[in-house]
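J.: Handing you this structure, nothing more for now.
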Amino acid sequence: MSQLLILPIILPAILAGGIIVFARDALNLQRAISILGTIALLALAITLIQAPTQAYFLGNWPAPFGITLVLDNLSALMLLLTAALALIILIHTIRTGWDVKGRHFHALYLFQLMGLNGAFLTGDAFNLFVFFEVLLIASYGLMVHGGGQARIRAGVQYVAFNLLGSTLFLFALATIYSTTGTLNMADLALKLPEIPVGDTALIRVAAVLLMLVFAVKAALVPLQFWLPGTYANAPGPVAALFAVMTKVGAYALIRFGTLIFPTDLPATATLIAQLLYPAALATIAVGAIGTLGTRTLPRQIAFAAIGSMGTLLLAVAAFTPEATSAALYYTVHSTLATAALFLIADLARNRRDGLTAALYMATAIAMAGMPPLSGFVGKLLILDALRGDAIAWTAILLASLLTMIGFARAGSDLFWKAPSPEAPAESKAAILLCLAALAALTLAAGPITDWLSLTAQALHNPAAYIAANQLGGS
C-alpha cells in the first residue's frame with residue numbers, strides 16, 4: 001500500500017496541469033475535474049487512515065539520502081480533514097459562482113491541495129520547506145482571485161510575512177544540516193541526541209528559528225498580523241480553505257516537538273514548550289479581544305480563528321499524550337467551524353434570511369466552545385488535559401465568553417437589523433455539510449478520542465515512525 005502515499009501529491013498536480021493545458025476555457029470541464037479529483041482524494045484519504053505507519057521512498061533511495069513520504073495516524077488525519085473540507089468548499093464555490101470571477105481558480109485550488117498533502121506526508125524537513133512554498137504560491141493566487149485593491153494589498157502583506165518565514169526556515173535548515181548532516185526527520189530524531197555538547201547551542205538556535213517559522217504559519221502572537229486582513233479580504237471559499245492552512249503550522253509544531261525536539265532531548269529540553277506557552281496565551285487574548293471589538297463579520301471570524309489557534313497551541317505546549325490528543329480533536333473541530341463561518345459570511349454579504357441566521361447561530365456556538373456541539377467537547381478535553389493550570393483555564397473560559405458575546409452582537413446587527421431576501425437553498429448545502437460534520441464529531445466523540453489517544457501516544461513514542469524510514473530503499 002505504500003505506493004498510494006504518492007497519489008495525494010501527484011494526483012492534484014496532474015489534474016491542475018491538465019486543466020491549464022486542456023481545459024483553460026472550459027469552466028464546466030474544470031469543475032468536473034476538480035470535483036472528481038477531490039472525491040478521489042477523499043476516497044484515498046479514507047483508505048490511508050486505516051493503514052499502518054509506513055514510508056514511500058522516491059526513486060527507491062533509502063533514507064536519509066532520498067526523499068521520503070511517511071504516513072502515520074497524524075498525517076492520515078490531516079489528509080482526511082483536508083480532502084473533506086476541500087470537497088465541501090468546492091461545492092460552495094460552484095454553487096455560488098465564485099470560480100467564474102477570475103481565471104485559473106480550479107488549477108490553483110488543486111495546486112493548493114497538492115501543497116497541503118505534501119506538507120502532511122513529507123518525512124524530510126527540506127521538502128516541508130518546498131511544500132510550504134507551493135502553498136504560498138497557490139494561496140496567493142487564490143487570495144487575489146477576483147481582483148480588487150484591498151484584496152491585492154492584503155495579498156502582498158500575506159506574501160511578505162510568509163517570505164520572511166521562508167527565509168528563517170532556510171537558515172534553520174542550514175544550521176541543522178551543518179550540524180547533523182541530514183534533514184530526514186526520522187534520521188534527525190536518531191542523531192540529535194548524539195550531537196557533541198559544543199553543538200547544542202546551534203541546535204537550540206535552529207529550534208527557535210523553526211518555531212518562529214511555524215508560528216508565522218499558525219498566526220501565533222506576535223506573528224499574527226498577516227491573518228486578519230488576509231482572511232477578511234479573501235473570497236469567502238478561499239478564506240474557508242485557509243482554515244486548514246494555519247493547521248499546517250500547528251501540525252509542524254506537533255511533529256517537530258514530538259519527533260525531533262522532544263522534551264527529553266538534552267540540547268533543547270523544554271525550550272519549545274517554554275516559548276510556546278506564553279505565546280499561546282497571548283494569542284487567545286488577542287483573538288478574543290479582536291472578536292469582541294471588530295464590527296465586520298469576516299474580520300471577526302478571522303480573529304476568532306486566531307483565538308482558536310491559541311487554544312489549540314496551548315494544549316500542544318503541554319507536550320503530553322493527553323494534551324496532544326485533545327489538541328488533535330480541537331484541530332478538526334476548529335477547522336470545520338471556521339470554514340463554516342466564512343461560508344456563512346460569504347452568503348451574508350447579500351442574503352440574510354432566517355435559515356442563514358440559524359446556521360450562523362449554531363456555528364457561532366460551536367466556534368465559541370459552548371454546548372452542545374464539538375467546540376464544547378474539544379475545550380473540555382483541553383481543560384481536562386491542563387487540569388491544575390489555573391492560568392490556562394482562566395484564559396480559555398474567559399476567551400469563550402468574550403467570543404460568544406462578540407458573535408451574539410454581530411449576529412444581532414447582521415441578521416435582525418438588516419434582513420434581506422432568502423438565498424437559494426442549494427447554496428447552503430456546504431454549510432449544512434460542515435455542521436453535519438461538527439455534529440458527527442460530537443456524537444462520535446468517544447471512539448474518535450480513543451483513536452486520537454492512540455495517535456498521540458504514537459507521536460510521543462515515535463519508534464514506528466522512525467522504523468518505517470529504515471525499511472525501504474536499496
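The values are calculated or read from the model by the stated rules, or taken from the named source; none is laboratory data. These figures come from a predicted structure and were not determined experimentally. Don't worry about glycine lacking a Cβ; one is built from the backbone with ideal geometry, like all the others, and counts go over all protein chains shown. All accessible areas refer to the heavy atoms of the entire protein, side chains included, with ligands and DNA or RNA removed. Shrake-Rupley method; radii C 1.70, N 1.55, O 1.52, S 1.80 Å.
J.: Considering each of Ala76, Ala119, Ala51 in turn, give the residue that is outside any helix (DSSP H, G or I), open to solvent by less than 40 Å² (accessible area, probe 1.4 Å) and either over 25 Å from Met211 (Cα atoms) or hydrophobic (A, V, I, L, M, F, W, C) (or both).
T.: Numbers: Ala76 fails: outside any helix (DSSP H, G or I); Ala119 fails: outside any helix (DSSP H, G or I).
Exactly one of Ala76, Ala119, Ala51 is outside any helix (DSSP H, G or I), open to solvent by less than 40 Å² (accessible area, probe 1.4 Å) and either over 25 Å from Met211 (Cα atoms) or hydrophobic (A, V, I, L, M, F, W, C) (or both), namely Ala51.
J.: While we're on this one: Kindly indicate which of Ala201, Ala282 is modelled with pLDDT under 95, open to solvent by 10 Å² or more (accessible area, probe 1.4 Å) and out of contact with any Leu (no Cβ under 6 Å at 6 or more places or on another chain). First the steps, then the outcome.
T.: Working: Ala282 fails: modelled with pLDDT under 95.
One residue alone meets the criteria, Ala201.
J.: Also: So for segment 166-184 (the condition being crowded, with 24+ Cβ neighbours inside 10 Å, at pLDDT below 95 and assigned to a loop (DSSP other than H, G, I, E, B)), does at least one residue qualify?
T.: Within segment 166-184 (the criterion being crowded, with 24+ Cβ neighbours inside 10 Å, at pLDDT below 95 and assigned to a loop (DSSP other than H, G, I, E, B)), the answer is no, since none of the residues qualifies.
J.: Yes or no: Ile195 among the β-branched types (Val, Ile, Thr) and at pLDDT 90 or above?
T.: Working: among the β-branched types (Val, Ile, Thr): yes; at pLDDT 90 or above: no.
Criteria not met by Ile195.
J.: Tell me, which residue of segment 372-412 that is of a type in the set (Lys, Arg) and open to solvent by less than 90 Å² (accessible area, probe 1.4 Å) is farthest from Leu438 (Cα to Cα)? Show your work before the answer.
T.: We begin by selecting, within segment 372-412, every residue of a type in the set (Lys, Arg); these are 379, 387, 409.
Restricting the remaining residues to those that are open to solvent by less than 90 Å² (accessible area, probe 1.4 Å) gives 379, 409.
Numbers: Lys379: 14, Arg409: 23 Å.
This residue is Arg409.
J.: Same structure, new question: What's the number of the only condition in (1) touching a residue at least 40 places away in the same chain (Cβ under 8 Å); (2) in a helix (DSSP H, G or I) that Pro278 fails to meet?
T.: Failed condition: (1).
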